[in-house]
Every structure is written in C-alpha cells, then in structure tokens.
Amino acid sequence: MQTIKRVYGEVTAALALGVITLVILRAITEAQPWWLAAALPWVAYALYLALLMTRVVVVQRRHPWVQLAVAVVGIVASIVAGPLAVLVAVLGLAVIIGYNYWYSVQHVSAGPVSVDEPLPLFPLTTVDGAAVDSSVFTQQPHVLMFIRGNWCPFCMAQVAQIADQYRELDRRGVAVAIISPQKPADTVELSQRFDIPVNFYIDTDGAAAAALDLVQPGGTPVIFSAGAPAGGDTVVPTVIITDASGTVLWAEQTDNHRVRPEPTTFLDVLDQHGIRAR
C-alpha cells in the first residue's frame, strides 16, 4: 500500500492526461460533444496538480469543493453520452477523492510532544554538517517547523509565509528553525533561497521524526526519493512553539498534508503566552 501511495500522484497525473486525450479524440472522431463532459473530473484534477507543481497557487482547504463540484457536473452531464462516459467521469471523481482523502492523509502521532512539557531530546544536523540536538532550542523562544522537503509545494508555501512574517517573530525575540529529512544539499539550497536569519536543520535518517513519532511511512514520492530515509519515509508536517526554557507552548501536526496552520496563528499563540513585540 505504501508503494501505491508513493506513485499515486505521478500515475494518476499520467492517467488523467491519457483519459483527457482519449475523450477529446472520441468526441471529435465520433461527433459526440457530450463525451467531453466525462473529461471534466480529470481536467479538474490535472489542473489542480499542475497549479501545485508550478506553485502558482496552493489551496490549503480541508475539502476540495471546486474539484468535487466539477466532477459531479461532469458525471451528470455525461449521462447524455451514455453509460461508458458516466463510468469515465465517476473514475475521475474516485481519483480526486483518493488524492484528497487517502493519499494526503497523514499519520497521527500519539508521541512525546505535549503542551506544558519540555521539548523531547532529538538529534539534528546543521547545514554545516555539525551534529547537534534539540537542546539548541533552549536559549530563546522558537517556532520549530518540520517540513517534508523542497519538493512539497505546501511546505514551500508554508516556509514562504513564515519568511514574510519573520520580522514580527523577531520583534518578539522568537527564532525560527526549519527541519527536514531531505538530503543535505536540498536543505542547503533552501537556506540560501530565503535571505532571512532562519536556522535550517537536517533530520538525518529521520531520527528526529522517529523520536517525536512524526514519521510518515512512504510519504516521499518515488521521483523525489533521492536522499530520503529508507523506504521513502518522511515527516508529518508539524509546527511546535517553545518558550526560552524549551517548554512546549503549542504544537500542531497536520492530519492531511494539504492543510497547514496560518502563520498568524503563531503570533496569537505567542501573544497569549506573553511573548510580545519588544
């Protein structure tokens, strides 16, 4: 099942392009324009993936209402073209549902990160190759952001958002640490891309994720697996906020990789705990 998940995006994207092409050809060669309705769910899915990969837009809503609505319209309209067209449209809806409610669902941790408790000890590696551990987060308040990697458009949108808010965090004396199990070269590239004083760390072999029960088994797509931990495991996208002593003030891991907390939430948490702008 993990193998299927690791290729789901690539396989269904290729399938969508194939189905769209065949439906258009059938509509033209057999003069059956209503067949085009059967392609609507597939078009909605392919367009969504294209927008993600190009990072033109990243939708972080829990339910894909637009895709689902287009798919339902396609199914109803394809009734005119016959049962086969309806079946094609229904399969498109199934692919959309599979992506949003199965493929993107994440492991839910019952692990050691608890609010009002000390941040557990876990190992990390700096971009310079130095071995450190989570005790480095006890000198000042921190926002710790665990991301899957540069390949994940949702993660990159999240990093960009926190980069935009860095000054507000800095005014509160809060440092930001971004942690990923991706290969070191990718983390170095990410650290150079954002010209802000954020600390970037490498979770070598997913040891930190394992210590915090944040491992997403087989969560890295096959085409991005170079340098990933064995089996393509990755981390469940998670944000942890700590105070200067390393005590956890707030923690949120996503149960669906499409859905991430808004950066304004971090400021609200800090304000609630008296960590305000200086």
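Read the figures in this text as sums done on the coordinates, not as results from a lab. No experiment lies behind these values; they were computed from the predicted model shown. Neighbour counts are summed over all protein chains in view; Cβ atoms, including those assigned to glycine, are modelled from backbone coordinates with ideal geometry.
Details
- Here's how it looks for G149: its modeled amide H is under 5 Å from none belonging to a residue 5 or more places away or on a different chain.
- Under 15 Å, Cβ to Cβ, from L270 - net charge with Lys/Arg +1 and Asp/Glu -1: -2
- Along the axis of the charge dipole computed for the chain (Cβ charges of +1 for Lys and Arg, -1 for Asp and Glu, origin at the Cα centre), the listed residues G98, T238, S225 are led at the positive end by G98.
- Helix 2-29 axis, angle to the chain major axis (alpha carbon atoms, nearest 10°): 30
- Here the extension length gained between V7 and Q192 equals 63.6 nm, from 0.36 nm per residue of separation less the Cα-Cα distance.
- Between region 122-144 and region 91-118, the Cα center-to-center distance that results, in Å: 26
- Positive-pole candidate from S134, L144, P83, dipole of region 43-185, charges at beta carbon: P83
- Evaluating 6.51 cos²θ - 1.76 cosθ + 1.60 at θ = phi - 60° for every residue in region 250-257, the Karplus couplings come out as 6, 8, 9, 10, 7, 9, 8, 5 Hz, glycine and proline recorded as x.
- Magnitude of the charge dipole, the chain, Cβ model with Lys/Arg +1 and Asp/Glu -1, debye to 20: 800
- Estimated vicinal HN-Hα couplings, Hz - region 258-269 in sequence order (Karplus 6.51, -1.76, 1.60; Gly, Pro = x): 7, 10, 10, x, 6, x, 4, 4, 4, 5, 4, 4
- Surrounding net charge for T138, when Lys and Arg each add one and Asp and Glu each subtract one, Cβ distance under 14 Å: -3
- Counted over the chain, the DSSP beta bridges are approximately 70% antiparallel.
- Couplings 3J(HN,Hα) of region 179-190, computed from phi: 10, 9, x, 5, 5, x, 4, 5, 5, 4, 4, 5 Hz, in residue order, whole Hz [Karplus 6.51 cos²θ - 1.76 cosθ + 1.60, θ = phi - 60°; x for Gly and Pro].
- Other-chain or far-sequence residues with amide H under 5 Å of W250's (modelled H): I241
- Residue among A209, A16, A185 with the largest mean-square fluctuation in a Gaussian network model of the chain, springs linking Cα atoms under 10 Å: A185
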